[in-house]
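The values are calculated or read from the model by the stated rules, or taken from the named source; none is laboratory data. Keep in mind the model is a prediction, meaning the values are calculated, not measured. Here the Cβ positions follow ideal geometry from the backbone for every residue, glycine too, while neighbour counts run over all protein chains shown. When the accessible area is computed, the model is the full protein with side chains, heavy atoms only, and any ligands, DNA or RNA have been set aside. Shrake-Rupley method; radii C 1.70, N 1.55, O 1.52, S 1.80 Å.
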Amino acid sequence: MDSAVSRAYRSAPGGRRCPFLAGAWTMGTRQTLSYAQGLVLAVGVLVLLGGGMLAYEVVAQAGAGPLLEGGALTDAQAEAVKVTLNLFELLMTWALAIIGATGFFLKLNVEKGLLLRPVDLFLALAIIVAAVLSLFFGHLGIDRTAELLSLQQDPVRNLGLRQIGKLQYLSFFSAVLLFGFHIFRFFWARVLSADETGQR
C-alpha cells in the first residue's frame with residue numbers, strides 16, 4: 001500500500017531522496033516480529049519485572065531513621081502517617097484503574113474490528129509494567145511503614161520510605177504518560193490513514 005511517507009520519500013526536492021524519510025519508509029515496511037518472538041519478548045519482560053521486584057524487596061531496607069520521642073506518635077505525626085498511607089493506597093487504586101482502562105481499550109478495538117499493530121500491544125505492555133511497579137512500590141511502602149512503627153521510628157521522616165514513595169509516584173506518572181501517548185498514537189495513525197484514503 002502506498003503511504004504518505006513513501007510518496008514524500010520518492011518526491012523529495014531535486015529528485016534526491018531524503019535520509020530521514022528513507023529511514024521512516026524503511027521502518028514502515030520492515031517485517032515485524034513473529035508471534036513466537038513477540039511472546040518470548042513479553043515473557044522475558046515479565047520475568048525480569050518479577051525478578052527485579054523480588055530482589056528489590058529482599059535487598060532494599062527502610063534503614064534507620066529518627067526515633068519517636070517517648071516511643072509514641074504525636075497527633076501531628078499520626079496525621080502525617082495517615083496521609084502517607086492514604087497516598088500509597090490512592091496511587092495503587094489509580095494504577096489498577098489504568099491497567100483496567102488499557103485492557104478495556106484493547107478489548108473495545110478488537111470488538112469493533114479495528115486494526116491492532118505490534119506497537120499497540122507493546123505500548124500496552126509498557127503501561128501495565130509501569131502500573132504494576134506502582135502497585136509494588138505502594139505495597140512495599142505500606143509494609144515498610146508498619147515495620148518502622150513497630151521499631152518506634154518515624155516513618156514520615158525516614159529517607160528509605162520517602163524514596164519508595166517517589167518510586168511509586170514516578171511509576172504511576174510513567175503509566176499515565178504512556179497511556180496518554182498510546183491513545184494519541186492509536187487515533188493519530190488512523191486519522192492519517194483516513195486522510196490518505198480520501199486523497200486517492
Close pairs from region 133-159: first of a type in the set (D, E), partner modelled with pLDDT of 85 or more and part of a helix (DSSP H, G or I), Cβ under 8 Å, at least 6 apart: D154/Q77; D154/L148
Does region 179-192 include one or more residues that are open to solvent by less than 60 Å² (accessible area, probe 1.4 Å) and more than 21 Å from L106 (Cα to Cα)? no
Where residues in region 160-176 are without any contact (Cβ under 8 Å) to a residue 40 or more places away in the chain and open to solvent by 60 Å² or more (accessible area, probe 1.4 Å), which of them is nearest to W94 (Cα to Cα)? F173
Please work out if V110 is assigned to a helix (DSSP H, G or I) and either within 21 Å of V47 (Cα to Cα) or in contact with a strand residue (DSSP E or B) (Cβ under 8 Å, 6 or more places away or on another chain) (or both). no
All-but-one check, I127 against (1) out of contact with any His (no Cβ under 8 Å at 6 or more places or on another chain); (2) open to solvent by less than 60 Å² (accessible area, probe 1.4 Å), failing number (1)
Evaluate the following for L135: is it buried (at least 18 other Cβ atoms within 10 Å of the Cβ), modelled with pLDDT of 85 or more and within 19 Å of the chain's Cα centre (by Cα)? yes
Extreme residue, nearest to the chain's Cα centre (by Cα), among residues of region 67-90 that are assigned to a helix (DSSP H, G or I) and of a type in the set (G, A, S): A80
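Rundown of residues vs (1) open to solvent by less than 50 Å² (accessible area, probe 1.4 Å); (2) at pLDDT 85 or above; (3) within 17 Å of H139 (Cβ to Cβ), yes/no style:
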| position | (1), (2), (3) |
| --- | --- |
| V5 | no, no, no |
| S34 | no, no, no |
| L41 | no, yes, no |
| V58 | no, no, yes |
| M92 | yes, yes, yes |
